[in-house]
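Please read the structure below before turning to the comments.
The values are calculated or read from the model by the stated rules, or taken from the named source; none is laboratory data. All figures in this text were calculated on a predicted structure; none of them were measured in a lab. With ideal geometry, Cβ positions are generated from the backbone for all residues, glycine too; neighbour counts draw on all protein chains shown.
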Amino acid sequence: MKVGVPKEIKTHEYRVGLTPGAVREYVAAGHNVLIETNAGAGIGATDENYRKAGATIVGSPQEVFASSEMIVKVKEPQPSEWAQLRENQILFTYLHLAPDPEQAKGLLESGCTAIAYETVADGHGGLPLLAPMSEVAGRLAIEAAGAALRRHAGGRGLLIGGVPGVPAARIVVVGGGVVGTHAARMAAGLSAEVTILERSIPRLRELDELFEGRVRTRFSTMDAVEEEIFAADAVIGAVLVPGASAPKLVSRGMLSSMRKGSVIVDVAIDQGGCFETSRPTTHADPTYEIDGVIHYCVANMPGAVPLTSSQALNNATLPFGLALAGKGFAAVLENPHLRAGLNVYRGQLTYKAVAESLGLPFSPIERAAA
């Protein structure tokens, strides 16, 4: 199969769909890989590195899209990219369609087959292609909170870990999944006072055992959310409903009771955000202030550390990408984990939570492919 990798064009997105090491694996499996020139610049990979791995370097994204049977990316296609997709072409990337009706419309009209990293499943109920970026984003969330808490950035002027004789920051993590766990780990490692809010009692038990008392755990209710965020210096939004829009757990009205100069980091912004006042920001302009509360809502946080992120992502996506390249759409029908990743097929939405979030018809793959 001809596999194409365009250069990412989202603002300050430096990751790349395939690293040179991953390209070598595709080529060894008998596939032709087309790489847009300078696609790997953000991770320090030159065109020559890709040539040595067996790729063909092309001069424009148009050549990549026109010549490839499968497109491998990192972030959701931008308008100029979804306009180049076509019927029977496979798109393998993060999509986050639920809060993005324009992208959904573009993919549906293209007729392509779009498989979303964030909904590919494993045999244990996990999301193996979302997990590595959730790990990165969770850890970065604490760094972002620490930077936003500085006085010149509008924050309270508070050091996350405090110093002897001065209290550390109070960090509240809403959601105890992969993002929340890694955020709590980083915050606790900096000696912050950390609380995780989570609705799953079995998960609360796991977190309690994992952190051995270094982190408070609390069942998430409306009362608990209000009590914790009103006393917090930083709140990390780490809520996930696979494929669907994130629930709004903190309303605009709650902001007035939060500490002035406190910080919200909404890692759920890719799925619409879990704070009512969240809107996507970029690495170029990452924060804004509402009612004295600093909001950090960068929609591609792992793009700030592209070398780490690209390697971690490729480690996870490689077996699935090779399966798609080897068997095409048949791999989706044969592999239930890949099938869970199918969001769009020939003008139809095939992931129920996405269709419900967008208010559009849902077509099970059995019916869509009939």
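Scan segment 106-140 for residues that are under 25 Å from SER68 (Cα atoms) and among the polar types (S, T, N, Q) and jot them down.
SER110, THR113, THR119
Mind checking whether some residue in segment 199-206 is more than 22 Å from the chain's Cα centre (by Cα), part of a helix (DSSP H, G or I), under 23 Å from ILE160 (Cβ atoms) and of a type in the set (D, E, K, R)?
Taking every residue of segment 199-206 in turn, none turns out to be more than 22 Å from the chain's Cα centre (by Cα), part of a helix (DSSP H, G or I), under 23 Å from ILE160 (Cβ atoms) and of a type in the set (D, E, K, R).
Could you list all residues from segment 255-275 that are of a type in the set (A, V, I, L, M) and surrounded by 24 or more Cβ atoms within 10 Å (Cβ to Cβ)?
VAL263, ILE264, VAL265, VAL267, ALA268, ILE269 - these are the residues of segment 255-275 that are of a type in the set (A, V, I, L, M) and surrounded by 24 or more Cβ atoms within 10 Å (Cβ to Cβ).
For every residue, the table says whether it meets (1) surrounded by fewer than 24 Cβ atoms within 10 Å (Cβ to Cβ); (2) farther than 23 Å from LEU324 by Cβ.
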| position | (1), (2) |
| --- | --- |
| LYS10 | yes, no |
| GLY17 | no, no |
| GLY21 | yes, no |
| ALA29 | yes, no |
| ILE35 | no, no |
| ASN38 | yes, yes |
| ILE43 | yes, no |
| THR46 | yes, yes |
| LYS52 | yes, yes |
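Which residue is nearest to the chain's Cα centre (by Cα), if the candidates are limited to segment 129-152 and must be surrounded by fewer than 18 Cβ atoms within 10 Å (Cβ to Cβ) and more than 18 Å from ALA183 (Cβ to Cβ)?
ARG150
Looking at segment 49-106, which of the residues that are in a helix (DSSP H, G or I) and touching a helix residue (DSSP H, G or I) at 6+ places or on another chain (Cβ under 6 Å) is farthest from GLY17 (Cα to Cα)?
PRO101
Which condition breaks for ALA168 when tested against (1) under 28 Å from LEU313 (Cα atoms); (2) more than 25 Å from the chain's Cα centre (by Cα); (3) not aromatic (Phe, Trp, Tyr)?
Result: ALA168 fails condition (1) only.
Take the residues of segment 28-65 that are in contact (Cβ under 8 Å) with a residue 12 or more places away in the chain and among the charged types (D, E, K, R): which is farthest from GLN84 (Cα to Cα)?
LYS52
May I ask you to verify whether ARG156 is assigned by TED's automatic domain parsing to the domain that holds VAL293 and in a loop (DSSP other than H, G, I, E, B)?
yes
Report whether or not SER278 is hydroxyl-bearing (Ser, Thr, Tyr), closer than 24 Å to ALA192 by Cα, at pLDDT 95 or above and part of a loop (DSSP other than H, G, I, E, B).
No; evaluated as a whole, the condition is false for this residue.
Does ALA312 satisfy being within 22 Å of the chain's Cα centre (by Cα), free of Cβ contacts under 8 Å to residues at least 12 places away in the same chain and farther than 14 Å from ILE115 by Cβ?
no
In this structure, is LEU318 over 30 Å from SER262 (Cα atoms) and assigned to a loop (DSSP other than H, G, I, E, B)?
no
Output the qualifying pairs, or none if there are none: Cβ atoms under 7 angstrom, residues six or more apart or on different chains, first residue in segment 249-260 and in a helix (DSSP H, G or I), second residue surrounded by fewer than 18 Cβ atoms within 10 Å (Cβ to Cβ).
From segment 249-260, the pairs are ARG252/GLU276; MET254/GLU226; LEU255/ILE290; LEU255/ASP291.
Could you list, in sequence order, all residues of segment 336-370 that are outside any helix (DSSP H, G or I) and surrounded by 17 or more Cβ atoms within 10 Å (Cβ to Cβ)?
ALA340, GLY341, LEU342, ASN343, VAL344, TYR345, GLN348, LEU349, THR350, TYR351, SER363
Can you tell me how many residues in segment 6-37 are assigned to a loop (DSSP other than H, G, I, E, B) and either under 24 Å from ILE90 (Cβ atoms) or not polar (S, T, N, Q) (or both)?
17
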